[in-house]
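Since the structure comes first, as C-alpha cells, the remarks are kept for the end.
The values are calculated or read from the model by the stated rules, or taken from the named source; none is laboratory data. Note that this is a predicted model, so its numbers are computed, not measured. Positions of Cβ are generated from backbone atoms using ideal geometry, with glycine treated the same way; all protein chains shown enter the neighbour counts. Accessible surface is based on the protein model in full, side chains and every heavy atom, while ligands, DNA and RNA are left aside. Shrake-Rupley method; radii C 1.70, N 1.55, O 1.52, S 1.80 Å.
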Amino acid sequence: MVKKKVGADHFERFVNLGGLAKRGTDLLFTKNRVVDGAYKTDLWLFDTVKKTYRQLTDDVEIGTYHWDDGGKVLFTAVIEEEDKALQEKQIPITVLYSLDPKTGEREVLLRVRKNIAEFAKIQDDWWFFLCSDKLRDDSYLEQAGGDWEKFAEIKKEESDYFIAEEVPFWTNSSGYCDSKRGRIFSYQNGQLSQISPDDFHVTAMKAYKDQYIAYFGVRSGGVQNTTGMLYRYDLQRKEVHPLDTSESYIYTYLDTVSETQLLLCRSDRKLHGEYQDEFIDLFNMQDGTCLRKNEHCDYHLYDNVVSDASYLSTWLNKPVRAEGGTYFIALERESSGVFYWADDKDLPEPVSKASGKVVDYEVIGDALYMIAMRGLGGTELYVQPVAGGEEIRLSDENIHLEEEYQYSAVEYLPFINSNGVEIQGWFIKPVDFEEGKKYPTILFIHGGPQCAFGEIFNHDMQLAAARGFGVIFCNPTGSEGRGADFGDLRMKYGTIDYDDLIGFTRHAATQLPWIDDKNLGVTGGSYGGIMTNWIIGHSDLFKAAVSDRGVCNNISDFGLSDIGVSFGPDTFETTPWGDAAFLWDQSPLKYAKNIKTPTLFIHGMEDYRCPYDSALQMHTALTYFGIPSKAVIFRGENHELCRSGKPKHRIRRLEETMKWFETYLSK
C-alpha cells in the first residue's frame, strides 16, 4: 500500500480521548473527533474487567459529568430545543441529567436558570452548584422584574456596548468577563441560596460526603487578585469557616481526602514568581498544618508536552491521593508521565516509564490506566501494573494512521549552549528525503515558555516535512521538565533563550549537511511567536518567518492581555509607569526597523491572552519599512486556535503558513 502524505486537514483523522473518571472497575472517558467540519464529543464507558466498551451518548454536548453513588452518570447539558432556544436568547439555563450506563436510559433531574460550571450532589433534594454568572445580569433581571423574556430584551440591547469596570475585563477561556463571578449556591427543595459573596470569585469547589464543601477563589472587583483564599462550608451547621485568608498562595487544585484533610496544589511565588510550579500539600483543616511535597518546585505538575494534534491543550493537573502517598502527572525532560510521591520519601518515583505524553490517568486496584500518546500515534488507552511492568494498549482509535500516512521520524540532536548546558533538540527530515540534496529548513519554537517539545506527533511539523521542508526544534532555557531554575525566564526574555535558539539552529546546520543554511525559516506560537518577533529584529539568519499569536509591545500588553497586570510586573519587574523605557527595550516592536525577514502574522481576533493588536502593530511596522508582511486574523478564535479552533480555521492557518514558507524559501 502506498502511504499518503500528511495534508493540512490531517488533524481531522485523529480521535482524541480524555476525561477519565472511575467508579469501581468502570472508566468513563470522552471521544472527540471532527465530523462534517465540526467537533463531536461523546461519552464512553470502559469495563476494565470485561475489557469492553460502550457508547453512552451520541451527539450530545456534555458539560460537567460525575459518577453518582448509585452507579449512574450525572451530567450537565442543553439538549432539548426549548432549552437551546433559551440559550440563543442568552437566558441562563443548565439541565442536569442522570444516565444509566447499563440501559442507556436518560432522565432530567433539574432545570436551573444558572450557568453551572460544577456541581455536587449531597442528597436527592440537595445540591451545590458553582455557577459562572455576571453580576450585571443580576441587575438586568431585577430591572426586568424577574421576567426572563424582558431580561433577554435588555440583554440584547446591552450587547451593543462593551463595558469595563474591572480588570481583567476579558479572559482567553471565557471571553468578555467584566463583573463575572464564580459563585456557590445551595439548591435545596427547589430553592437557590447563595453561599459565597459577590466580591469573591470561586474557581474550584469539592464536596466531602454530606459533611462539608471545600472551595477556593480570589477577591474580585477593581483588579482581580491572583493569590486566593480557602474556605470550608459545614453542611450540617450551614456555616462558612475560613481555612486560609492570608492571600499568600496561588491556588490551582483541591480535592477532599477525609473529614479533616484536603489535597491542594498551590504556589507561594517566593522561589520563581507568578508562574512558579506548585507545592502538593496534604492540608490539615483542624490546625492548618500540611505535609508538603515538591517543596523546591522542580516538578511541573501538568502534561505540558506540546502537540497540536490533541484537542485543546489537555494540560491536566490531577493529583490523586492514595494510601501513604500521592499520584500526579508531571513533565520530565521531553515526556510527561505519572509519578507517585510517598509521604515518607524526599523524591517521587515514576510509575509510567514510556516516553511520550500522558493526557489523563486513573488508578484502579493495582493497575494504572492512562490515556497517552506514544511515538507518532494519537491518544490511546493504556494499562500497566502500578508496581511497574509492560504497558499494554487497550484501544486502536488512531493506530491505523501510522500505517496509512508517511510520517517522518523525530530524531534526537542535542546541543551544548554557551553555559555548558545540554539543550535537547530534534530534527525531522523531509518525507521524500534524498541523500546529497539540500533542503530549506524551518525552526519551530514552542509556546509557554513553560512547555516542552517531545518525540510525539505535531501536525504542523509533519505537514512541513510532507511539503518538502526540513524541521528542527529544541527545548531552550525556559522550557519545563528540567527543574525550576532552568525554567525561570524572568528578566531573561530574549537573552539566554535567544542564544539557545540561534545556537541550536547553527549547530543543526553544521551537523546535518542536508540543511540549506541559506534557506532557513522560523515560526512559533504564543511564547514562540514572541521569540519569532524578537529573533527577526536581532538576526538576519532566517529568510522567512511566521509569527503565530505572539506579543510585540510590553507596554500595550499590560493593559490588553488578560494576564497583563500580573505577567508584566512578574516577568519584567516593572510597569509602564515604573520603567517604560525598559519595557520598550524588551519589546520586539522596538527593533522592527532592523527587520529584513518577510513575515506572516497569524492571530485569533478573540485571543485575549496575546491580543491580536500585536499582529497588526508588527504588520504595520514591517509594511512601513518596506518589508513583505501579511496579517491573517481569524474571527471567533482565541489563543487555542491551533488546537481547538474551528476545523476550517485550523486548516486555513496551516495552509497560510506553508504558502508563506513556499513563497520565500527556495527549494
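Quick notes on this one:
- Long-range Cα-Cα pairs in the stretch 518-667 (distance over 21 Å), rounded percent: 41 percent
- Accessible surface, the stretch 531-667, averaged per residue in Å² (probe 1.4 Å): 39 Å²
- Computed from label points 7 Å out along Cα-Cβ, the spacing between Glu149 and Val2 is 6.4 nm.
- Quotient of C-alpha Rg and 2.2 N^0.38 Å, computed over the stretch 33-133: 1.15
- Here the simple spin-label model places points 7 Å from the Cα toward Cβ, and for Lys102 and Gln194 these points are separated by 4.3 nm.
- Straight-line cross-link partners of Lys209 among the lysines, defined as a Cα under 16 Å from its Cα and at least 8 positions apart when in the same chain: Lys121, Lys238.
- Taken over the Cα atoms of the stretch 238-290, the convex hull encloses 91 Å³ per residue.
- Extension gain, Tyr39 to Ile79, is 12.8 nm, computed as 0.36 nm per intervening residue step minus the present C-alpha separation.
- Candidate cross-link partners of Lys646 among the aspartates and glutamates, defined by an alpha-carbon separation under 12 Å and a same-chain spacing of 8 or more, comprise Asp9, Glu12, Asp36, Glu637.
- Bridgeable lysines around Lys180 (alpha carbons under 20 Å apart, same-chain partners fewer than 8 residues away excluded): Lys89, Lys114, Lys134, Lys155, Lys156.
- Under a model in which nothing but the beta-carbon of Lys, Arg (+1) and Asp, Glu (-1) is charged, the chain shows a dipole of about 1540 debye around its Cα centre.
- Legend: P(r) of the stretch 315-450 from all alpha carbon pair distances, 10 Å bins from 0, whole percents, reading 10, 31, 31, 20, 7, 1.
- Whole-number D in µm² s⁻¹ for the stretch 446-581, Kirkwood Cα-pair radius fed into Stokes-Einstein, 4 °C, 1.567 mPa s: 80 µm²/s
- Charging the Cβ of each Asp and Glu at -1 and of each Lys and Arg at +1, and nothing else, the dipole of the stretch 162-217 about its Cα centre rounds to 300 debye.
- D_trans [Stokes-Einstein, Kirkwood Rh over alpha-carbon pairs] for the stretch 371-434, 10 °C, 1.306 mPa s, µm² s⁻¹: 107 µm²/s
- The chain - Rg and Dmax from Cα coordinates, angstrom: 25.2, 78
- Projecting the Cα atoms of Tyr249, Ala367, Ala354 onto the dipole axis of the stretch 234-385, where Lys and Arg carry +1 and Asp and Glu carry -1 at the beta carbon, places Ala354 farthest toward the positive end.
- Among the listed pairs Lys5/Lys40; Lys51/Lys357; Lys150/Lys648; Lys318/Lys630; Lys31/Lys438; Lys4/Lys438, those beyond 30 Å (Cα-Cα): Lys150/Lys648; Lys318/Lys630; Lys31/Lys438
- Translational diffusion of the stretch 124-261, µm² s⁻¹ [Kirkwood Rh, Cα pairs; Stokes-Einstein; 25 °C; 0.890 mPa s]: 149 µm²/s
- Summing +1 for each Lys or Arg and -1 for each Asp or Glu among the other residues whose beta-carbon sits under 11 angstrom from that of Asn417 gives -4.
- Taking 0.36 nm per residue of separation and subtracting the Cα-Cα distance, full extension of the segment from Phe625 to Thr663 would add 11.7 nm.
- Simple Cβ-charge dipole of the stretch 1-116, Lys/Arg +1 and Asp/Glu -1, about Cα centre, in debye nearest 20: 660 debye
- Extension gain (nm, one decimal) between Val167 and Lys238, 0.36 nm per residue minus Cα-Cα: 22.3 nm
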